[in-house]
Amino acid sequence: MDEKTDSLHDMVKHQIVASCKDLGLFSKTEYKGLDWRADAFVLNDVYKYAFEVQITNQTLKKTLERQSKYIRDGVTGCWLFLRSPKKLQNERPDLPLFELIQEYSKFLVSLSGRKILPLNIFLKDFLQNKIKFCTTVKSTTTQNIEVAFYNMNCWKCGAVNQLYFIDSDFKSACNAKIYYEETMLSYDKKE
């Protein structure tokens, strides 16, 4: 890697960390996992993100190998490429990969021609699951969930009711976290 490429790489990863810290999130460069190292690592509540900045060429095969380690460890990987891998013809639902655009000392992220965002806005939206990175989604995986039922007496009449909760981490086909909100108990107060 030459000095110009290295400094560009460092500039992007430091801007990622600075933007995430501005959002009040833990973020760190060169974070080491089990058998991987992320250019920028972000912790948002219990959700973990690894941002990879690819200034030099990297094959699609190598990118998918590295992405599989993130998925295995419950980390959402996000790839920012200056030049996309040659064999990547179309967007993939299993690979959040975006084009990085440099404009002087600022960086923009292209959402495959649909929209171009400043890096800090892209990061905020990505961390809030507001970024769609594939126009088509094919899911061939199934997800296991646990539904637990338990009995609880009504606070008003004492009748036994069955309540439930769902214990699972839902993920889309691209390994993005899916948040669900469920009202477990509600009542209409009638007098």
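Bear in mind that the values in this text are calculations on the coordinates, not laboratory data. Computed from a prediction, not measured in an experiment: that's the story for all the values here. Glycine also receives a Cβ, built like all others from the backbone with ideal geometry; neighbour counts cover every protein chain displayed.
Structure values in brief
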| quantity | calculated |
| --- | --- |
| Descending principal axes extents, segment 1-78, alpha-carbon based, whole Å | 36, 28, 17 |
| With eigenvalues of the C-alpha gyration tensor scaled by 5 and rooted, segment 13-55, Å | 16, 13, 7 |
| Among the listed pairs Lys62/Lys124; Lys32/Lys132; Lys28/Lys130; Lys32/Lys115; Lys32/Lys62; Lys32/Lys130, those beyond 24 Å (Cα-Cα) | Lys62/Lys124; Lys32/Lys132; Lys32/Lys115; Lys32/Lys130 |
| Residue-count net charge about Asp73 - beta-carbon cut-off 11 Å; Lys, Arg +1, Asp, Glu -1 | +2 |
| Along each principal axis, Cα extent of segment 17-124, largest first, Å | 33, 31, 23 |
